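Data block below; observations after.
The values are calculated or read from the model by the stated rules, or taken from the named source; none is laboratory data. From a predicted model like this one, the values you see are computed outputs, not experimental measurements. Here the Cβ is made from the backbone with ideal geometry for all residues, glycine too, and neighbour counts use every protein chain on show.
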Amino acid sequence: MAKNSIEAYGAAGKSNVLFFRPEDLTLVSDSAHPLYDDRIHLPLDEAMVLNIMDQGVLEPVIVWKDPEQGVTCVVDGRQRVRHAGEANRRLAAAGRDPVLVPAVVRRGSAVRMSQAMVSANEIRRADTPLGRARKMVAMLERGHDEDDLALYFGCGMQTVRNTLALLDCSAPVLAAVEAGQVTATQARELAGLPPSDQRSKVDALVQAGDGVKPHERARRQRAVLGDDKPRMRTRKQIETALAEASGPYADALRWVLGQEAA
């Protein structure tokens, strides 16, 4: 006799996961509503759209049935729903089957749902830069290429290469990145230096940032790296600087503009 799913997987229990068309889920846009989140207005991320077209929506969203309006509202997972909608528009144009959004139902008041919304967003812990780099390497070793990594990690090719470059850093640099004492971008700048220079530079970066506020730490650490270029705020300023830049600095400006390195 076949085992049920609880027995087969050794689970302690189970609940139903429902599947929705993205357009059948309500994304609250009224700022006075307890479930409003202004990230609903963020621009769509092309990498996320492509990932959903390839993989579907892998993590269920949380939904709640509004008893007053009779609509199914998204409590957590707005970006997955929004990007699934755009993915389906492209899939339809290509004559391919649409994706459905898996969802878990929560019950309670609107206020209780707003508490769940905040908790779901705030308790998540993002992967570390080194964790991402190691996962990328493992996938390369299993036969994937950089194009695959860009798709599955939802980023651009240059980000893939920059992330992998972290693993060229010496152990003290990696330890400083993991401890949050230097940024991944700073570590990538050090990756091309000889190991002895990496160690001395990272020591200077850590000392420069010790005990100061984030803005001052960034300023002091830029000075350690010899980056005394003015901070650029607009796209036009960056494009103007790129026209005269070369080497790693030019690559960094292209990365800010969302362009691939030359």
Note to self: The conditions are (1) assigned by TED's automatic domain parsing to the domain that holds Asn51; (2) modelled with pLDDT under 95, and Arg134 fails exactly one of them. Which is it?
What the structure shows: (1)
Checklist line | Residue list for segment 84-134, restricted to those being more than 22 Å from Ser29 (Cβ to Cβ), assigned to a strand (DSSP E or B) and aliphatic (A, V, I, L, M) | finding: Val104
Margin query: Out of the strands (runs of 3 or more DSSP E) lying entirely within segment 1-83, which hold 1 or more residues that are touching a residue at least 40 places away in the same chain (Cβ under 8 Å), closer than 16 Å to Arg106 by Cβ and touching a Pro at 6+ places or on another chain (Cβ under 8 Å)?
Written below: 18-20, 61-65
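Each row is one residue, and each column tells you yes or no for (1) touching a strand residue (DSSP E or B) at 6+ places or on another chain (Cβ under 7 Å); (2) more than 15 Å from Ala133 (Cβ to Cβ); (3) at pLDDT 85 or above; (4) surrounded by 16 or more Cβ atoms within 10 Å (Cβ to Cβ).
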site	(1), (2), (3), (4)
Leu149	no, no, yes, yes
Phe153	no, no, yes, yes
Val160	no, no, yes, yes
Ala191	no, no, yes, yes
Lys201	no, yes, yes, yes
Gln207	no, yes, yes, no
Asp227	no, yes, no, no
Met232	no, yes, no, no
Glu239	no, yes, no, no
Next item on the list: Within segment 101-109, identify whether any single residue is touching a residue at least 24 places away in the same chain (Cβ under 8 Å), in contact with a Leu (Cβ under 6 Å, 6 or more places away or on another chain) and of a type in the set (Gly, Ala, Ser), and answer yes or no.
Entry: yes
Margin query: Being surrounded by 13 or more Cβ atoms within 10 Å (Cβ to Cβ) and at pLDDT below 85 is the requirement here; does Val212 meet it?
Written below: yes
Item checked: Some residue of segment 156-164 being among the polar types (S, T, N, Q), free of Cβ contacts under 8 Å to residues at least 40 places away in the same chain and under 29 Å from Pro67 (Cβ atoms) -> no
Checklist line | Unmet criterion (only one of (1) over 24 Å from Gly156 (Cβ atoms); (2) buried (at least 17 other Cβ atoms within 10 Å of the Cβ)) for Arg78 | finding: (1)
